[in-house]
Amino acid sequence: MQLEKFSYDNKIVRDFTIASLVFGVVGMLVGVLIASQLFAPELNFSIPFLTFGRMRPLHTNAVIFAFVGNAIFAGIYYSLPRLLKTQIFSTLLSRIHFWGWQLIIVAAAISLPLGLTTSKEYAELEWPIDIAITLIWVVFGINMIGTIIKRREKHMYVAIWFYIATWVTVAVLHIVNSFELPVSLFKSYSLYAGVQDALVQWWYGHNAVAFFLTTPYLGLMYYFLPKAANRPVYSYKLSIVHFWSLIFLYIWAGPHHLLYSALPDWAQSLGTVFSIMLIAPSWGGMINGLLTLRGAWDRVREDPILKFMVVAVTAYGMATFEGPMLSLKNVNAIAHFTDWIVAHVHVGALGWNGFLTAGMFYWLIPKIFKTELYSKKMANVHFWLGTLGMVFYASAMYWSGVAQSLMWKQFNDMGMLQYPNFLETVLQIVPMYIIRAFGGTLYLVGILLMVYNLAKTMMAGKLVANEEAEAAPMHKEEKEKISHRWLEGKPIYFLLVSLVVVLIGGIVEFIPTFLVKSNIPTIASVKPYTPLELEGRDLYIREGCNNCHSQLVRPFRSETERYGEYSKAGEYVYDHPFLWGSKRTGPDLHRVGGKYPNLWHYLHMEDPRSMSPGSLMPPYPWLIENTLDISLTPNKINVMRSLGVPYPEGYDNQATDDLMKQAEVIALDLQKNGVPADPDKEIIALIAYLQRLGIDIKAKPVTENR
Amino acid sequence: MQSIDGISVYPIISLVVFVLFFVVILVWMLKVDKKYIKKMENLPIEKEEKNNFNNTGDLYEKKV
């Protein structure tokens, strides 16, 4: 058989690796900053762009899409052509993919601190960037499928299955969750409202974890772990079962993020059941990874690459056991809204993603630079710093999560809340926040060592930009079979089958929630927001208040005592987007309307510590100075109307007048109480919104602001 | 929920789809060709036919 000559493009692998390292450092630096802001609010510097609410989405986006994203692409562009014995479909598309993705990251790094956000977690980027992501993702898809089609290897190795499932599912998730109606170039409203928006968002959020942080990394594990250990995977059969059951089960489990919420009960139960079932395929994968090292454990002692991979796979096992446990309603009742969840995600992100990335890069870079790793010792130091950092991080967060939750739920002998002041429970866990930031810093130092080590390695070697290779072409009849029927040929066929498999779960959850009216009982007294409240709500979104404050009172006595009546699905029908939040660094705000006078809110936003001594909330003095931008108000009303919010026809013409009137009432009240507030300032709108929250269902509505 | 006609058939369909899915995978695994499995599991680590540098094994392997 005549061998054909071709080459592997290592330049694109190097580029994605460097991008991953650079953005990894940036993302984790921001992580250390926001972790420190939680015990030293001075670190918000009273600069809008640096406040926790805007920085936290930057941290999550940078780590997920920039650090992990670029690492995924580096690993795929290395392993895919080698597994298929061909070169990447198009070098041009590779370059477009690379630069497009980096531009998206830069756009995110600029827009998020500016407060341009949709507020939906891990999907905060506004609609023009969403479109750019879609286009670049399509480029990546064409390049990957194209490569698979022109392969010289008859069969697709299981890693490639994971890559294909990743591509198709992320495409579906991103598109469905990003349906939004633009108000302007930088502002849009989610197509869905309230409970439905929450369901779509957490179907997305959960499966972003599944198909951006898990399946691509499992593909990388199935390639790089056997490579590094120089032995085949423990059981290829198990990997097939692992793949199909994982992608089938994962998609159903999204509602476990919404237990005890206003989501219909049947959907919550579905989420729990499927989460428990997920243990099986997840642990199948973990066992497959660990047992690949059978008979080679002596080398794990020597080789930092294998150390990183072993801890990564172990962290995957821990996180995927903990996840289903957190989906049990009784555990979730304690863990939800607390630091426990933060610990859980960081075991996954730092352990599974971070360490597998490190192992992969330490293996990959010397290979494509035709040299040896600059310092094996430094890699070992990195390993121990990272491991220690995770231990500090996770144990502090588990401790603070459980401790705070128990304080929230503690009643005294009189049947009253033991800690009625929320702040009291926060101040108790501040030492844990300090330890957490210390752990994060250790981890970051480890990453910096890796960057130095790999940079030195790159300088010592020389990049083999085009690595020569040769392989026999596919047998003639095989080739004909595929080229004649390329549409039904395996990659596309495979892509469609995995699409169907992942769609089943989503469809079962969505169709009833959207079609069955009785799932969201309407409440007659719930009315749309006034124009001023709507503007205030947009400020709430801009400042990222939802990153620390939930708007969802769960049906527990400890919560109804603290906050008031539990939240009903029908209360959120005009909430485009929903703002339930996922973490209570501060108290829930769903029933805050009418709880404090306007003056309290004014002074509290100016300096939270003046009203709540010791508060960790950053001050927002610019809300008092900034004039409210009302140029978009009529447009916002129109967009809301087309989304089904029942403003009367032609109300957009009247909206600005109504806004002014309501603003003057609040300003007057503030002036009466001795603060020189102008009605046209942003703070007025925010106060209007906060005073409106959760009052619609109260028997005696507070009407003074409306 | 009760307002949908024939809602009771939904859970049964779901269960059937679910069980069938796993039965198919199981049967596939029981019948799968041993040679295929052998070939596939060695795919990532098989020696690349020709490399312009001799570095296919372990990174820290002692060069003999």
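Tabulated values for the structure
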| quantity | calculated |
| --- | --- |
| Inter-centroid distance (Cα atoms) of the stretch A:94-119 relative to the stretch A:608-634, Å | 27 Å |
| Net charge dipole size for the protein assembly as shown [Lys, Arg +1 and Asp, Glu -1 on Cβ; Debye, nearest 20] | 2980 debye |
| The stretch A:341-372 and the stretch A:157-217: distance between their alpha carbon centers, rounded to Å | 24 Å |
| Descending Cα extents along the principal axes, the stretch A:258-352, whole Å | 52, 25, 15 |
| Angle between chain A longest axis and helix A:304-326 axis [Cα atoms, degrees, rounded to 10] | 40 degrees |
| Whole-number percent relative contact order across the stretch A:85-172, with pairs defined as alpha carbons under 8 Å at least 6 apart | 43 percent |
| Mean projection area, nm², convex hull over Cα of the stretch A:150-264 | 10.6 nm² |
| 10 Å-binned pair-distance histogram of the stretch A:230-286 (Cα, whole percent) | 24, 39, 22, 11, 3, 0 |
| Alpha-carbon Rg with Dmax, taken over the stretch A:175-237, Å | 19.0, 56 |
| Descending semi-axes in whole angstrom, ellipsoid equivalent of the stretch A:524-572, from the Cα gyration tensor | 23, 16, 8 |
| Semi-axes of the equivalent ellipsoid for chain A, Cα gyration tensor, largest first, Å | 46, 28, 24 |
| Alpha-carbon gyration tensor eigenvalues x 5, square-rooted, for the stretch A:507-652, Å | 28, 23, 13 |
| For the pair B and A, total buried accessible area rounded to nearest 100 Å², probe 1.4 Å | 3900 Å² |
| Long-range Cα-Cα pairs in the stretch A:36-76 (distance over 16 Å), rounded percent | 47 percent |
| The stretch A:114-266, dipole about Cα centre (Lys/Arg Cβ +1, Asp/Glu Cβ -1), debye to the nearest 20 | 1000 debye |
| For q = 0.10, 0.12, 0.15, 0.17 Å⁻¹, Debye-computed log10 I/I(0) when each Cα of the stretch A:55-203 counts as one equal scatterer | -0.39, -0.55, -0.81, -0.98 |
| Length-normalised contact order of chain A in % [C-alpha pairs under 8 Å, at least 6 apart] | 17 percent |
| Of every Cα-Cα pair in the stretch A:1-66, the percent that sits beyond 21 Å | 44 percent |
| Percent carbon-and-sulfur accessible area, chain A, ignoring ligands, DNA and RNA, probe 1.4 Å | 66 percent |
| Dimensions in Å of the stretch A:574-700 - Rg and Dmax from alpha carbons | 15.8, 48 |
| Angstrom value of the Kirkwood radius, inverse mean 1/r, which spans all Cα pairs in the stretch A:304-452 | 16.9 Å |
| Under 14 Å, Cβ to Cβ, from A:Glu126 - net charge with Lys/Arg +1 and Asp/Glu -1 | 0 |
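The values are calculated or read from the model by the stated rules, or taken from the named source; none is laboratory data. These numbers come from a predicted model, not from an experiment. No Cβ is skipped: glycine too gets one built from the backbone with ideal geometry, and neighbour counts run over all protein chains shown. Surface areas here come from the heavy atoms of the whole protein model, side chains and all, with no ligands, DNA or RNA. Shrake-Rupley method; radii C 1.70, N 1.55, O 1.52, S 1.80 Å.
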